[in-house]
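K.L.:
Please see the structure below; I have some questions.
The values are calculated or read from the model by the stated rules, or taken from the named source; none is laboratory data. A quick note: this is a predicted structure, and the numbers were derived from the prediction, not measured. As a convention, Cβ positions derive from the backbone with ideal geometry for all residues, glycine included, and neighbour counts pool all protein chains shown.
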Ligand code: AMP
Ligand code: GLY
């Protein structure tokens, strides 16, 4: 059978690499893919970005299943478009994707369903937001919402910093129409990524993971999409796992179904776990994490194609919970190598050399790469995610960094301490 993966990052390279390992899959198309997916046997890059044209392509090629990587396509309604054409696709509808695309929707939803999260208020006036901050304790968190999204999240250490973040979205000049800020209580603790597969009713948790968001060693410097990740996350003990399922994940899937917007797809709960093992929801994503997916899929022994076909079959006789996923007991750890200038202005066109030969316990997933004269060159912020398996975090880390040190491109940036938090436990 043929599968289509939408996206072109490291997460999508990992998805396509794993899907094509299924004996039932002959070809995985990746739209648009990258230099890594271009080089894999049985993977084919497809240079189509328009979602209607991609549906035409899927119909013409008799694609059996489409899997969506990035949030942008989901928020743009790719699932609705494909389903309307009778195509099988794994992911949430545009309406359900609001769990990620609208922070105000997500926060109100969590309040309605008593799902633990930081206290918050939503503002569309800068003056009211500033007044609220003046009366609240710091640190405090300011998040842009609605059409202003993309300006991101500021964890403000002082009121001045919070005011500046409010002004960047709502203040001075003319704010974008529909712009709002969500102001949130600061949560203390350790973050973890908790991802599940859902068919709208049933839920199957994937292995846990943690990523490293800041660009610099020791969690310093600006936030990025993630500079590395590992699985499992030791902070998610069996007790924390049970609490997350019962207090966060199941009420979310049940709540969405009860509201008539069932969530099928990958659901990613970004967690903050305090010193007593109490989990709270920092955010929801309606997709898999990047780079968390790379180590998670490296540990998944079960057939991902079978799993996602099952999750899109909606067969009441075969509940999703009956599936038992098999995981490699080893630790997987991925180190992101980013382009010169990332995250502000990543440089393109630097030649990548020193990529290793295939091996069972190391895999280099490509992200921002493209082929130029048959040679991979940088073409985005995060360029590669070097992912290794090892019997311990230390061994997986050593193996990944041995490979990282042999790869080079001008201005390459990477953290030297991926996995530190797991090693401290
Ligand atoms: P978000 O885009 O909501 O995931 O936020 C990005 C990052 O900001 C998170 O991964 C956290 O590190 C941090 N963050 C967001 N909200 C909070 C909060 N309420 N308390 C502490 N840190 C937060
Ligand atoms: N690595 C964080 C994310 O994918 O949102």
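Rundown of residues vs (1) at pLDDT below 95; (2) part of a loop (DSSP other than H, G, I, E, B); (3) crowded, with 20+ Cβ neighbours inside 10 Å; (4) within 23 Å of the chain's Cα centre (by Cα), yes/no style:
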position: 308; (1), (2), (3), (4): no, no, yes, yes
position: 329; (1), (2), (3), (4): no, yes, no, yes
position: 333; (1), (2), (3), (4): no, no, yes, yes
position: 340; (1), (2), (3), (4): no, yes, no, yes
position: 371; (1), (2), (3), (4): no, no, no, no
position: 404; (1), (2), (3), (4): no, no, yes, yes
position: 418; (1), (2), (3), (4): no, yes, yes, yes
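K.L.:
Let me ask another. Select from region 373-388 the residues that are out of contact with any helix residue (DSSP H, G or I) (no Cβ under 6 Å at 6 or more places or on another chain) and crowded, with 17+ Cβ neighbours inside 10 Å and list them in ascending order. Show your work before the answer.
P.N.:
Of the residues in region 373-388, the ones out of contact with any helix residue (DSSP H, G or I) (no Cβ under 6 Å at 6 or more places or on another chain) are 373-375, 377-384.
377, 378, 379, 380, 381, 382, 383, 384, listed by residue number.
K.L.:
Give the number of residues within region 237-287 that are at positive phi and surrounded by fewer than 23 Cβ atoms within 10 Å (Cβ to Cβ). Working first, answer last.
P.N.:
As a first pass, look at region 237-287 and keep what is at positive phi: 260, 265, 277.
Subsequent filtering for residues that are surrounded by fewer than 23 Cβ atoms within 10 Å (Cβ to Cβ) retains 260, 277.
The number of residues fulfilling the criteria is 2.
K.L.:
Quick one: which helices (runs of 4 or more DSSP H) lie wholly within region 68-144 and hold at least 3 residues that are away from ligand 2 (no atom under 16 Å from the Cβ)? So that I can check it myself, show each step before the final result.
P.N.:
Numbers: elements: 71-75, 78-84, 98-101, 103-112, 126-134.
Filter on region 68-144 gives 78-84, 103-112, 126-134.
This table checks each residue for (1) farther than 21 Å from residue 8 by Cβ; (2) in contact with a strand residue (DSSP E or B) (Cβ under 7 Å, 6 or more places away or on another chain).
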{"site": "322", "(1), (2)": "yes, no"}
{"site": "328", "(1), (2)": "yes, yes"}
{"site": "370", "(1), (2)": "no, yes"}
{"site": "384", "(1), (2)": "no, yes"}
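K.L.:
When you go through 274, 290 one by one, which is the residue that is away from ligand 2 (no atom under 14 Å from the Cβ) and modelled with pLDDT of 95 or more? First the steps, then the outcome.
P.N.:
Details: 290 fails: away from ligand 2 (no atom under 14 Å from the Cβ).
The conditions single out 274.
K.L.:
In this structure, does residue 79 turn out to be in contact with a strand residue (DSSP E or B) (Cβ under 7 Å, 6 or more places away or on another chain), surrounded by 16 or more Cβ atoms within 10 Å (Cβ to Cβ), more than 17 Å from residue 1 (Cα to Cα) and in contact (Cβ under 8 Å) with a residue 60 or more places away in the chain? Walk me through how you get there before you give the answer.
P.N.:
On the way: in contact with a strand residue (DSSP E or B) (Cβ under 7 Å, 6 or more places away or on another chain): yes; surrounded by 16 or more Cβ atoms within 10 Å (Cβ to Cβ): yes; more than 17 Å from residue 1 (Cα to Cα): yes; in contact (Cβ under 8 Å) with a residue 60 or more places away in the chain: yes.
The answer is yes for residue 79.
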